[in-house]
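Down below is the structure, laid out as structure tokens.
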Amino acid sequence: MMVVTVLAIVLQRNLFSVVVLAGIYSFLMATVLLALDAVDVAMTEASVGAGISTVLLLGALYLCGGEEAKPLHRPWLPLGVALLIVAALVYGTFGLPEFSDPLAPFHTHVVPRYLEQALKETGVPNVVTAVLASYRGYDTLGETVVVFTAGIGVIALLRRTRRREEDR
Amino acid sequence: MRRQMVLRVVGKLFIPYMLLFALYVQFHGDFGPGGGFQAGVIAAAAIIFYALIFGLPAARRLAPDAVVEAMVALGVLLYAGVGVAGMVLGGNYLDYFVLDRDPVAGQHRGIFWVEAGVGTTVTGVMLKIFYMFAGRGRGLEER
């Protein structure tokens, strides 16, 4: 299903349908994450990937038109680079522990401690929230600052152009 | 899209529940899936939905630019403030167990406020980005 969606996105020249297909892809990704028991991530994927970014992309399309321009160059060099990276990534996966291997390092390092102690130490039954907000509080603070910076950046960029238009 | 009867009625029916669901995800994130980030996105989506149906000016009246911009900064300040509060009460930065006499209750309180900060910032940023995009050109809503 996901492969079909991606192929459709690549082959499609009408950007409106590309945006809609990307939303569908996000929903499929959310179901995959749900199947992997990552409910929190699935929720984020569905709401951000399929919801907000679709709306923002449609807004962008309204501003710049809905047909993809013909490519100026032959795609062989980018294709080669992409294939090289794919090969490197696939080679990298051979070094990973097997899927659902209980002895994998990330299952034996801090995870058991989080799973056993989180409820006792934080009183929060959802371990994801406990790890996110308490054990990894600094990381989440950093993430929030990143979101903040993104918002400030968009404000700074778009507002300046608007003011310049008013000057004319 | 302002003259679409079906959309208006369905929107009016659904938007309150979307906001309610956002609050549920925000404050129930300790017990079920969800948390500040997801809740912020859902709340922003509800208001964006409102803006698409009833027009950007209506949404701007509902959530004015000044409020949205303040939310962007307030969330981060709230999060950082929780850390400072922990320091004032004698712990390290972002230590929650000093926030209450019972360490577990203190953790709970810390997580609550931190998630509230995340939710506030995310709602603000999402709405602001949408306003910025939709407000350019003639705007999405005036079709």
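The values are calculated or read from the model by the stated rules, or taken from the named source; none is laboratory data. Remember, predicted model here, so these are calculated numbers, not experimental data. We place every Cβ from the backbone using ideal geometry, glycine too, and count neighbours over all the protein chains shown.
Structural remarks
- Single residue of the stretch B:103-121 satisfying the filter (surrounded by fewer than 22 Cβ atoms within 10 Å (Cβ to Cβ) and more than 9 Å from every other protein chain (Cβ to nearest Cβ)) that is farthest from B:I47 (Cα to Cα): B:G106
- Which numbered condition A:Y62 misses (of (1) assigned by TED's automatic domain parsing to the domain that holds A:T5; (2) within 20 Å of the chain's Cα centre (by Cα); (3) part of a helix (DSSP H, G or I)): (2)
- Total residues in the stretch A:51-76, condition more than 10 Å from chain B (Cβ to nearest Cβ) and closer than 17 Å to B:P33 by Cβ: 0
- Filtering the stretch B:37-64 to residues that are surrounded by fewer than 20 Cβ atoms within 10 Å (Cβ to Cβ), without any contact (Cβ under 8 Å) to a residue 24 or more places away in the chain and part of a helix (DSSP H, G or I) leaves B:A58, B:R61, B:L62.
- Of all residues in the stretch B:65-82, none are more than 7 Å from chain A (Cβ to nearest Cβ), of a type in the set (G, A, S) and crowded, with 19+ Cβ neighbours inside 10 Å.
- Residue count for the stretch B:73-121, restricted to those that are touching a Ser or Thr at 6+ places or on another chain (Cβ under 8 Å), of a type in the set (F, W, Y) and part of a helix (DSSP H, G or I): 1.
- Set side by side, the residues A:L34, A:L57 differ, and just one is under 20 Å from the mean Cα position of the chain (by Cα), within 26 Å of B:G32 (Cβ to Cβ) and of a type in the set (A, V, I, L, M), which is A:L34.
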